[in-house]
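I have placed the structure first, in the form of structure tokens, so that the comments after it can refer back to it.
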């Protein structure tokens, strides 16, 4: 975080202007110091600049020690992000190494004016910038509420030691503001549209932009079929558009995450023009599915021909005009995509969208990429689209069979492995142990700098509402709320249990006192029911 002035520095500066300790209008210097410190950032563009520097430092730390990978959860509201950061700070004492992921899927599904939409870039693109802005408003408000509490302790100090301790706590305060990796989908249009939207996301506070190599107007969720990629030079132009947006706005350390969907994408929309053998276009064209031109299969009017390996061939073409790639070429195309994005497009991080969570598979692709781009690092989607339990149990079963540890009859082969009866089995426990260390393994072995879950708050909200609704509208009634929500909030020390305080009620009382003194009409008096939680 950018170095901020200390309490004493701001206090001395203001006292030099107002030696009496008050302005001519009666405003206290101490109150002005508090408000200046509560305003942890002036603009969200300042946040983008600061958090880009934070992220670069984290990347350097990871390069030196792969155990220092970073993590995030996808959040679809400012409140989700705020509660996530509060939980991490409560647990670790710091939020360092923790980011917020802003998922285009969740903006489409939950945060646009057109209803619940699939992840196909159909939502209004301004909703992405709006959510970034909302998240940072919430994180900054968390700062305000926390710093207000620290100043309460300062005002309550009865001696120099207590006052010094209170000031040290204020000066040592760590902001709730953390980096956001923002999903810009495929850019929502051409390279100029990508640049214009990138600027809006950056001005809203994003220090990192994640962009994928799909066709913008045919964009699909990375875990669905029908994905269509663009030629590599087209994608590089969008990477450059993002870089120019960062540079124009003075975010020198802005981070670009280049995502390739080629592992599961079997189509392209256009055949690029090759200028020479081995260029980006020819390396893209070589993977197209083609047919030989023969007397039995002549070229017909309206069809295309390519000169390939010394002869003319016809690229296969679907009725919708799309060109399919050769089967089982996704892995090679991913590696070439990654190398081009790093070496030609200036990307900082890679994102390889996979169809299963397999450390060996990802590590193999990264190893191949690093032969041409030694510093390659990844952001990896620990996606809820994977059936993690089933995938890991299958991986353990396959390995144990190969090692002779079990017989085929010991565990079923297919979806039956999901049964609860296997939860406490040797295979189930081993799969869970691998789940627990999955992020550490993939970071150490496959160059994953950042581990994220795209849609956790979508699924958590659905599960939590199902759990509460079943009890509240069922037999438990009020006990369902108390047992599953409030009692757990109290016992875990979750600050939101005092919901009035969480949204700034005490902050409002403090400001009223600043301007009205004894005339202030405060909400936090004797009759405030939040006092019931004061001892917790």
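The table for this structure:
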{"read-out": "Some residue of segment 228-238 being under 19 Å from the mean Cα position of the chain (by Cα) and buried (at least 24 other Cβ atoms within 10 Å of the Cβ)", "value": "no"}
{"read-out": "2 or more residues in contact with a helix residue (DSSP H, G or I) (Cβ under 8 Å, 6 or more places away or on another chain), farther than 30 Å from residue 56 by Cβ and modelled with pLDDT of 95 or more: qualifying helices (runs of 4 or more DSSP H) within segment 371-455", "value": "388-402, 426-436"}
{"read-out": "From 48, 129, 95, residue being touching a residue at least 60 places away in the same chain (Cβ under 8 Å), within 28 Å of residue 6 (Cα to Cα) and in a helix (DSSP H, G or I)", "value": "48"}
{"read-out": "Within segment 52-78, tally of residues that are in a helix (DSSP H, G or I) and touching a helix residue (DSSP H, G or I) at 6+ places or on another chain (Cβ under 6 Å)", "value": "1"}
{"read-out": "Residue that is surrounded by the fewest Cβ atoms within 10 Å (Cβ to Cβ), among those in segment 508-536 that are modelled with pLDDT of 70 or more and over 21 Å from residue 142 (Cα atoms)", "value": "518"}
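The values are calculated or read from the model by the stated rules, or taken from the named source; none is laboratory data. Quantities reported herein were computed from a predicted structural model and do not represent experimental measurements. Using ideal geometry, Cβ is built from the backbone for each residue, glycine included, and neighbour counts are taken over all protein chains shown.
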